[in-house]
Amino acid sequence: MQSIFHLAFNVTNLATARAFYGDVLGCREGRSTETWVDFDFFGHQISLHLGTPFNTELSGHVGDKLVPMPHFGIILGLQDWQALADRLTHAGTAFVLPPQARFAGEPGEQWTMFFLDPFGNPIEIKGFSNSEAIYAQ
């Protein structure tokens, strides 16, 4: 069995969560009750529960940028990353950090974007041209 990561976190409205994670991000909905809903988040399981979202702040230093902490996300192949960046841009997403290259020409060269879900939960989507670069030093 392939390892699948699971993350459970809070949102304040399940209908809004379904619209964002399902319609905007394109995640397939799984099981749900009146207090939570699961999504297939690019092959991993997220469980969105009614409650108070993460308390976050721009405190993560990455290169010359400050990024929201804590945050979660996914790493995609570059072509899929670009397709999602285009989808989010066309949806009118307000980016914390717009789609851009990071560490260009260095080990670990990647593309990244940060945005918030409708509840303020920060999400980072990274793109790599090859998987060997993910842990390059």
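We did not get these values from a lab; they are worked out from the coordinates using the rules stated. A quick note: this is a predicted structure, and the numbers were derived from the prediction, not measured. Neighbour counts run over all protein chains shown; Cβ positions are idealised from the backbone, glycine included.
Legend: calculated FRET efficiency, T12 to A83, from the Cβ-Cβ distance at R0 = 22 Å, rounded to 0.05, equals 0.15. On the principal axes of its alpha carbon atoms, the chain extends 48, 36, 28 Å, with the longest extent given first. In the chain, the DSSP beta bridges split such that about 70 percent are antiparallel, to the nearest 5. Against the chain, whose longest principal axis is taken from its Cα atoms, helix 78-90 shows a tilt of about 60°.
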